[in-house]
Amino acid sequence: MAGFDLVVARGTLPDGRVADIGIRGDRIAALGDLAGAEAGQVIDAGGDLVSPPFVDPHFHLDAVLSYGQPRINESGTLLEGIALWGELKQVMTQDEMVDRALRYCDWAVSMGCLAIRSHVDVCDDTLKGVEAMLHVREMVKPYLDVQLVAFPQDGFYRDPTARENTLRALDMGVDVVGGIPHFERGMADGAASVRELCGIAAERGLQVDMHCDESDDPMSRHVETLAQETQRLGLQGRVAGSHLSSMHSMDNYYVSKLLPLMAEAELSAIPNPLINIMIQGRHDTFPKRRGLTRVREMQAHGIRVGWGQDCVRDPWYSLGTGDMLDVAFMGLHVAQMSSPDEMHRCFDMVTSENAAIMQLEDYGLHEGAVASLVVLDAGDPIEAVRLRPDRLCVISKGKVVAGKSRNDSSLCLPGRPGHVRRRHPL
Ligand code: FE2
């Protein structure tokens, strides 16, 4: 057997198998019993959980770590957050955006998150946020996959230049078409925006990921239009609806009709449990709606559902750590996914399910896959969600990028030689 650059020995995989993983270059070259094989470096997992990396399919890198600027969101609502961000983006410089995003990427990588889909606001005629995030995407590319979504935060029609700026952003290399139909001036405009944005994606061969029905309004039904347009334009498997909070409040008969339509269109759903539980229901007294979409019900219909993080310390959400296990932990509770299979699935929803939503190539722990993996101080996926334990070692594309000793964790990111940072610098 030819030698390996690196062997991760005696790891427990998420499916319970115990195996050694042999890495050559940036690929997994072998998986099984590799005792006695030559290796440049051996990392002994000692029976701990070895997982494919965490994946975050919904984030906002342009706004991250801007909490409290220009002031705190007093009402805690989505709308006040949008208004605050509207002020902040006028004065924030491109360098500040890059710096904050890179700092967050360090946090995420140290927690084993090696792919992030980030929406980037295109409602600013300078498109400085788009330029900043394209720069960040390039800088972190050796160790972190960033997908960017053109996101018309102030409304594709409601903002006078959003349409043009969305197209400009896509021309500049933004990967995915976004939208925000529930923020247009009316339901008809919202539905029209879904139709036009899906048309743009079909023309350009791109994926779609829309903020969709992020409200407590039981009549906000843009996901129906999204499913319909996906079907009409042959975009099956390439479209995701983010949040879908209004489904929490919808009439049950209507949902019984909606879910099969979504399944038929192969739509994916990305609820964001930390932000949904914090922001939704703000206009209710009691009983107070919790605003998480119908996760188990969608899964029962065969709809792919992944957990997203959405925000960390920004105008919408004051907390957050970059740890996708925090997201899974909250999602498990709010969606009441308490059976052993469901708890295991919550782990899959921040790893393999999210990778499938983002259409990441060669993801997973198998021969030929990209050699990206995480060693966790836990025995299995359920224990990992319960404990949200230390990431003992993070390997990205064949290179060790983060590790943890008793009192410290540090990053050694390729392309940034000698660069060592503590996990949470703030
Ligand atoms: Fe979002």
Can you find a residue that is more than 16 Å from the ligand (Cβ to nearest atom), in a helix (DSSP H, G or I) and modelled with pLDDT of 95 or more anywhere in segment 355-378? yes
Residue among GLY241, GLY190 that is within 16 Å of the ligand (Cβ to nearest atom), in the same structural domain as PRO152 (by TED's automatic domain parsing) and at pLDDT 95 or above: GLY241
Kindly provide the set of residues from segment 255-273 that are within 16 Å of the ligand (Cβ to nearest atom) and not in a helix (DSSP H, G or I), ordered by number. SER268, ALA269, ILE270, PRO271, ASN272
Taking segment 165-200, which residues are touching a strand residue (DSSP E or B) at 6+ places or on another chain (Cβ under 6 Å) and closer than 14 Å to LEU148 by Cα? THR166, ALA169, LEU170, VAL174, ASP175, VAL176, VAL177, GLY178, GLY179
Looking at (1) at pLDDT 95 or above; (2) on the phi < 0 side of the Ramachandran plot, find the lone condition where ASP310 falls short. (2)
Quick check on GLY86: is it within 16 Å of the ligand (Cβ to nearest atom) and surrounded by fewer than 21 Cβ atoms within 10 Å (Cβ to Cβ)? yes
Residue that is surrounded by the most Cβ atoms within 10 Å (Cβ to Cβ) [pool: residues in segment 188-203 that are in contact with a His (Cβ under 8 Å, 6 or more places away or on another chain) and among the hydrophobic types (A, V, I, L, M, F, W, C)]: VAL194
So, GLY68, is that one more than 15 Å from the ligand (Cβ to nearest atom), assigned to a loop (DSSP other than H, G, I, E, B) and touching a strand residue (DSSP E or B) at 6+ places or on another chain (Cβ under 7 Å) or not? no
Restricting to segment 317-333, name every residue that is in a loop (DSSP other than H, G, I, E, B) and either within 16 Å of the ligand (Cβ to nearest atom) or out of contact with any helix residue (DSSP H, G or I) (no Cβ under 8 Å at 6 or more places or on another chain) (or both). TYR317, SER318, LEU319, GLY320, GLY322, ASP323
Matching residues in segment 274-316 - criterion: being within 16 Å of the ligand (Cβ to nearest atom), in a loop (DSSP other than H, G, I, E, B) and among the β-branched types (Val, Ile, Thr): THR293, VAL312
Residues of segment 122-148 being within 16 Å of the ligand (Cβ to nearest atom) and either assigned to a loop (DSSP other than H, G, I, E, B) or in contact (Cβ under 8 Å) with a residue 60 or more places away in the chain (or both), in sequence order, are VAL122, CYS123, GLY129, MET133, VAL146, GLN147
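The values are calculated or read from the model by the stated rules, or taken from the named source; none is laboratory data. Treat the numbers as computed from the prediction; the structure is a model and nothing was measured. Using ideal geometry, Cβ is built from the backbone for each residue, glycine included, and neighbour counts are taken over all protein chains shown.
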